[in-house]
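Visitor: Let me begin by handing over the structure; questions about it come next.
The values are calculated or read from the model by the stated rules, or taken from the named source; none is laboratory data. The structure presented is a predicted model; accordingly, all values stated were derived computationally and were not measured. As a convention, Cβ positions derive from the backbone with ideal geometry for all residues, glycine included, and neighbour counts pool all protein chains shown.
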Amino acid sequence: METVRVNLREAARAYDISVGAGLLARAGAILREAVPPARRVALFSNPTVFARYGRQVAESLEQTGFTVLAWQMGDGERHKNWHTLERALDFLLAQKFERHDAVVALGGGVVGDLAGCAAALYLRGLPFAHIPTTLLAQIDASVGGKTAVNTKQGKNLIGVFHQPVAVIIDPGALATLPRREVTAGWCEAVKQGAAGDAGLFARTVDFLTQNGPLAFAHPQLAQLIAAQCAFKAEIVAGDEREDASRTDARSRRILNFGHTVGHALETVTRYRRFRHGEAVGYGMLAAGELSKRLALLNDFELESLQNATRVCGKLPRVADIPAEAVIKALAGDKKSVGGYVKWILLERLGRARIVDGREISPQILREALREALRLA
Ligand SMILES: NC(=O)c1ccc[n+]([C@@H]2O[C@H](COP(=O)([O-])OP(=O)(O)OC[C@H]3O[C@@H](n4cnc5c(N)ncnc54)[C@H](O)[C@@H]3O)[C@@H](O)[C@H]2O)c1
Ligand SMILES: [Zn+2]
């Protein structure tokens, strides 16, 4: 088993991310160590995940003395909303959960974000643990303490920071993940390396090149996932609340590499064509092209980035989307500050540079987008 210790500014809130094959069956023992006095666990999931792994996790929790009360939400991003949050809180109220009880999220980022939000709000904060079952949630969404729900004005606009007491990751659970979710997760893994850690980038791409994207039983996968978590945890520890004034290469904002154009592509296609990570795949290519045109990134490194997105798996078509439509959608990006887009570009693989959108000529932007969408 790999363990990643996440140190936060307040030492008492430090927690472990445990990664290893077979950990679903050991969830009880790990959680028991994290929350010794807890009596009951609200196990939040959805029908897709619960049908596959719910019983195993519940049994493991019961073996270490927890009383498990399962609760399920609908499957899909559209269920990550106020209404579901209210239902979740009503469940905790009806079951009279107390301060020392715990909430556990078993599922992808949608379940994790919603369960974390409910855990943060209920009695101003219950102990909360993640058991992420998508690749994206294992390397990204379960690390960092962000929780959220969507509203009709946009995604993730309402939420709180609430750090977990434990994260329990079993790569074996990925075996049942739909292929597109796998590709989307790997794109975010490539993103983390490209934006902040050249060694992690190389390791991720080597793993994919040698084993393909579906090697979930590979003995080295747990180490790779742990390295991905350690990277994100390090960035988060240095900038826990994403300080908007920071523009340095270690600020949390670099994790949005590929997301500026990624979000625009999702908007232009009304969230119907891409899984989020797939759009980020194209977003990285666009940011890479832009970096090259601004003489930051060299040809060789851009090629490495292009190759990295290829080995993640096949991405949906994109050539029919006009660059102009993407540019129009960029203006509405929530991560823009004061109305201007902050681009996360690359000086080299593993080193991001945040560039104010006003410093980039519209023509260079258009050319970079055309090239990225054409090449795809
Ligand atoms: N909190 C954060 O820091 C953070 C970071 C990144 C993303 N997110 C959020 O995460 C969400 C996306 O998460 P996601 O990509 O995991 O999507 P998801 O939670 O919707 O899961 C994708 C699909 O896979 C299914 N699934 C999950 N595990 C499975 C398994 N092991 N086998 C078979 N099917 C399985 C789910 O039921 C769902 O249909 C978004 O809402 C995003 O905003 C949060
Ligand atoms: Zn993302």
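Visitor: What number of residues within the range 25-52 satisfy the criterion of being within 16 Å of ligand 1 (Cβ to nearest atom) and touching a residue at least 24 places away in the same chain (Cβ under 8 Å)?
Guide: Kept after step one, since they are within 16 Å of ligand 1 (Cβ to nearest atom), are these residues of the range 25-52: 25, 27, 43-52.
Filter once more, so that each one left must be touching a residue at least 24 places away in the same chain (Cβ under 8 Å): 25, 27, 43-50, 52.
Total satisfying the criteria: 11.
Visitor: Another question, then. What do you reckon, is residue 310 among the basic types (Lys, Arg) and outside any helix (DSSP H, G or I)?
Guide: The answer is no for residue 310.
Visitor: Looking at the range 349-359, can you tell me whether even one residue there is in a loop (DSSP other than H, G, I, E, B), within 15 Å of ligand 1 (Cβ to nearest atom) and farther than 30 Å from residue 162 by Cα? Reasoning before the result, please.
Guide: Narrowing the range 349-359 to residues in a loop (DSSP other than H, G, I, E, B): 349-350.
Within this subset, residues satisfying the condition of being within 15 Å of ligand 1 (Cβ to nearest atom) are none.
Taking every residue of the range 349-359 in turn, none turns out to be in a loop (DSSP other than H, G, I, E, B), within 15 Å of ligand 1 (Cβ to nearest atom) and farther than 30 Å from residue 162 by Cα.
Visitor: Among the candidates 216, 201, 231, which residue alone is away from ligand 1 (no atom under 14 Å from the Cβ), aromatic (Phe, Trp, Tyr) and either touching a residue at least 40 places away in the same chain (Cβ under 8 Å) or in a helix (DSSP H, G or I) (or both)?
Guide: Answer to the selection: 201.
Visitor: Considering only the range 25-37, I want to know if a residue exists there that is modelled with pLDDT of 95 or more, under 30 Å from residue 155 (Cα atoms), surrounded by fewer than 21 Cβ atoms within 10 Å (Cβ to Cβ) and touching a Ser or Thr at 6+ places or on another chain (Cβ under 7 Å).
Guide: no
Visitor: Under the condition of being loosely packed, with under 15 Cβ neighbours inside 10 Å and within 16 Å of residue 156 (Cβ to Cβ), which residue from the range 62-82 is farthest from ligand 2 (Cβ to nearest atom)?
Guide: Step by step, filter the range 62-82, then rank; the result is 82.
Visitor: In this structure, is residue 111 β-branched (Val, Ile, Thr) and near ligand 1 (Cβ under 10 Å from one of its atoms)? Lay out the reasoning, then the answer.
Guide: Numbers: β-branched (Val, Ile, Thr): yes; near ligand 1 (Cβ under 10 Å from one of its atoms): yes.
Answer is yes for this residue.
Visitor: Restricting the search to the range 244-259, which residues are of a type in the set (A, V, I, L, M) and either within 24 Å of residue 285 (Cβ to Cβ) or within 16 Å of ligand 2 (Cβ to nearest atom) (or both)?
Guide: Within the range 244-259, 249, 254, 255 meet the criteria.
Visitor: Separate question: Please work out if residue 296 is within 21 Å of residue 244 (Cβ to Cβ) and either surrounded by fewer than 18 Cβ atoms within 10 Å (Cβ to Cβ) or of a type outside the set (Ser, Thr, Tyr) (or both).
Guide: No.
Visitor: For the range 349-372, how many residues are touching a residue at least 60 places away in the same chain (Cβ under 8 Å), under 21 Å from residue 281 (Cβ atoms) and touching a helix residue (DSSP H, G or I) at 6+ places or on another chain (Cβ under 6 Å)?
Guide: The total comes to 7.
Visitor: How many residues, within the range 163-178, are within 11 Å of ligand 1 (Cβ to nearest atom), crowded, with 24+ Cβ neighbours inside 10 Å and aliphatic (A, V, I, L, M)?
Guide: 1
Visitor: Can you find even one residue in the range 236-255 that is within 14 Å of ligand 1 (Cβ to nearest atom), within 27 Å of residue 355 (Cβ to Cβ), assigned to a loop (DSSP other than H, G, I, E, B) and touching a Ser or Thr at 6+ places or on another chain (Cβ under 9 Å)?
Guide: yes
Visitor: In addition: Go over the candidates 272, 241 one by one and state the one that is surrounded by fewer than 22 Cβ atoms within 10 Å (Cβ to Cβ), away from ligand 2 (no atom under 16 Å from the Cβ), over 15 Å from the mean Cα position of the chain (by Cα) and under 30 Å from residue 318 (Cα atoms).
Guide: Result of the check over 272, 241: 272.
Visitor: Name every residue in the range 102-156 that is surrounded by 24 or more Cβ atoms within 10 Å (Cβ to Cβ) and on the phi > 0 side of the Ramachandran plot, in order of residue number.
Guide: 107
Visitor: Please enumerate the residues belonging to the range 275-284 that are in contact (Cβ under 8 Å) with a residue 40 or more places away in the chain, within 12 Å of ligand 1 (Cβ to nearest atom) and buried (at least 24 other Cβ atoms within 10 Å of the Cβ).
Guide: 277, 278, 280
Visitor: Regarding the range 4-17, can at least one residue be identified that is among the polar types (S, T, N, Q), touching a residue at least 24 places away in the same chain (Cβ under 8 Å) and part of a strand (DSSP E or B)?
Guide: No, the range 4-17 contains no residue that is among the polar types (S, T, N, Q), touching a residue at least 24 places away in the same chain (Cβ under 8 Å) and part of a strand (DSSP E or B).
Visitor: For the range 77-101, give me each residue that is in contact with a helix residue (DSSP H, G or I) (Cβ under 7 Å, 6 or more places away or on another chain) and outside any helix (DSSP H, G or I).
Guide: Passing the criteria: 80, 97, 99.
Visitor: Also, I was wondering about something else. Residues of the range 128-183 being farther than 18 Å from residue 31 by Cα and polar (S, T, N, Q), which ones?
Guide: Within the range 128-183, 134, 147, 150, 151, 153, 156, 176, 183 qualify.
Visitor: Examine the range 310-332 for a residue that is more than 22 Å from residue 142 (Cα to Cα), within 16 Å of ligand 1 (Cβ to nearest atom), of a type in the set (D, E, K, R) and without any contact (Cβ under 8 Å) to a residue 60 or more places away in the chain, and state whether such a residue exists.
Guide: no
Visitor: Between a first residue in the range 136-150 that is more than 21 Å from residue 200 (Cβ to Cβ) and a second residue that is small (Gly, Ala, Ser) and outside any helix (DSSP H, G or I), which pairs have beta carbons less than 6 Å apart while being 6 or more apart in sequence or on different chains?
Guide: Close Cβ pairs (under 6 Å, with a partner that is small (Gly, Ala, Ser) and outside any helix (DSSP H, G or I)) amount to 147/159; 148/159.
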